[in-house]
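Okay, structure first, notes after.
Rule-based calculations on the coordinates, nothing more; no lab input. In this text, all values refer to a predicted model and were calculated from it rather than measured experimentally. Virtual Cβ from ideal backbone geometry, glycine too; neighbours counted across all protein chains shown.
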């Protein structure tokens, strides 16, 4: 998966290239990406059930600033998610 918007995202400041097969890169975009990058991820996830599952897994395991936003986005794409699910606490992560 390549996307020009994602490739330019400031979330990839420590990367030489975009590799969305990496959960670490996906987590960086969900954590530190800008609105355009988030929109691009949403567009890709609309067509890719595997990406939606990976986003759900990252949200459940990685402290993110807006985890329930991502759960709601996944629900809007038809993914079965519990928007009230417990997620890692970003404030306690020391980020």
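Details
- Within the stretch 20-59, the residues that satisfy the criterion of being within 19 Å of residue 89 (Cβ to Cβ) and either out of contact with any helix residue (DSSP H, G or I) (no Cβ under 8 Å at 6 or more places or on another chain) or free of Cβ contacts under 8 Å to residues at least 24 places away in the same chain (or both) are 28, 32.
- Candidates in the stretch 1-35 are the residues that are in a helix (DSSP H, G or I) and loosely packed, with under 13 Cβ neighbours inside 10 Å; of these, the one that is nearest to the chain's Cα centre (by Cα) is 24.
- Which numbered condition residue 78 misses (of (1) surrounded by fewer than 20 Cβ atoms within 10 Å (Cβ to Cβ); (2) under 9 Å from the mean Cα position of the chain (by Cα)): (2)
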